[in-house]
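A short worksheet on the structure shown next.
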Amino acid sequence: MKCEMVRDNVILAYYGELPDELSGTLEQHLMTCEECREELNLLQGLDSQLGVLPVEEPDPNLLAQSRMRLDDALDAIPPHGFLTRFRINLFLWMGHLRSAPALATLLVGVGFIGGNFLNRYEVSKAPAPHAGPVSYSNPSQSVISSVTGIDRTPDSELVQVHYNRVVPETIEGSLDNKEIRDLLMKGTTASAEGVRANSVQLLARECKAGHECAARDDGKGVRGALLVSLRYDKDPGVRLKALEGLQSYIGQDQRVRDAVLESLAHDPDADVRMAAVSLLAPVQHDSSVRKVLRTVSTQDENPYIRTVSFNTLQGSDSIQ
């Protein structure tokens, strides 16, 4: 996929308009292209800045002047000549003659098709049942622009997610609630490090508990959000929290295993690499794991990581 096409798809993906069949290709390209990842980061930063600005309505006088100019421009268009009007009226009259016998059938068909589509639309838009009650501080129909803060009630499943629409709003509900999870996943890409860290930590706990963390073919969902944070977040603390949430799935999900191997081989933070190598013990017999362990055991700049990798590799060899 070329970068020019990817940059268009990045915008569509950020606003949820990208077709599912292009999501996988876009994610693969972002893994290898620094410029396109920077384009995504700039878009997220711009969206966060625009979200706090008020929406200004156009001046009523400007609207009135624009309508008057449009009316004057339409009045200035010269009328059609006699032959042009005659030709238009002739075509309209012949069209009426051809369509009159089938008009009743056409109306019945349009009514049937319209009713069918209307019923499907209402069914698809019907609200799904939620795990618990959700309360909004300032209900609005505007688009959510950014997540600004997260607070969890001690010794409780209640979470407060602060986010921006046109004006700042707050939602409170259980971690099992779909709106809360969706906002937490959006919080993993927020510009504020504290918001990203809290979002990833809460999602990681949900994954460790086995709640709504199933693998999806389109790469979305809670597990997909943690994989993106592990690969691309600039804060090593956030990447460590993502590793904790993915630990339970390293043996069953190849994408999780590949992401952990990538962290072990290339993450600039030693703590993240240490955490990654400790996660690989259950899958040490895998050929791709052994290959990375051999490289790390001889080339990593940290002696502890080299030693742990070597010991894990020795245990893998004894299994074979």
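The values are calculated or read from the model by the stated rules, or taken from the named source; none is laboratory data. Worth saying up front: this structure is predicted, and the values here are computed from it rather than measured. So basically every Cβ, Gly included, is an ideal-geometry build from the backbone, and we count neighbours across all protein chains shown. Heavy atoms of the whole protein, side chains included, go into the accessibility calculation; ligands, DNA and RNA do not. Shrake-Rupley method; radii C 1.70, N 1.55, O 1.52, S 1.80 Å.
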Segments 247-253, 281-287, 146-152 sorted - mean Cβ within 10 Å per residue, highest first: 146-152, 247-253, 281-287
Listed residues THR188, THR84, THR153 arranged by accessible area, highest first, probe 1.4 Å: THR153, THR84, THR188
LYS234 paired with GLU56, simple spin-label distance in nm, labels 7 Å along Cα-to-beta-carbon: 3.0
Cα Rg, Dmax, region 211-267, angstrom units: 10.4, 30
Pairwise label distance in nanometres, HIS285 with ASN41, each label 7 Å out on the Cα-Cβ vector: 4.1
Full-extension gain in nm, ASP182 to GLN49, via 0.36 nm per residue minus C-alpha separation: 45.8 nm
Estimated distance in nm for a label pair at TYR304 and ASP155, the labels positioned 7 Å out from Cα along Cα-to-Cβ: 3.5
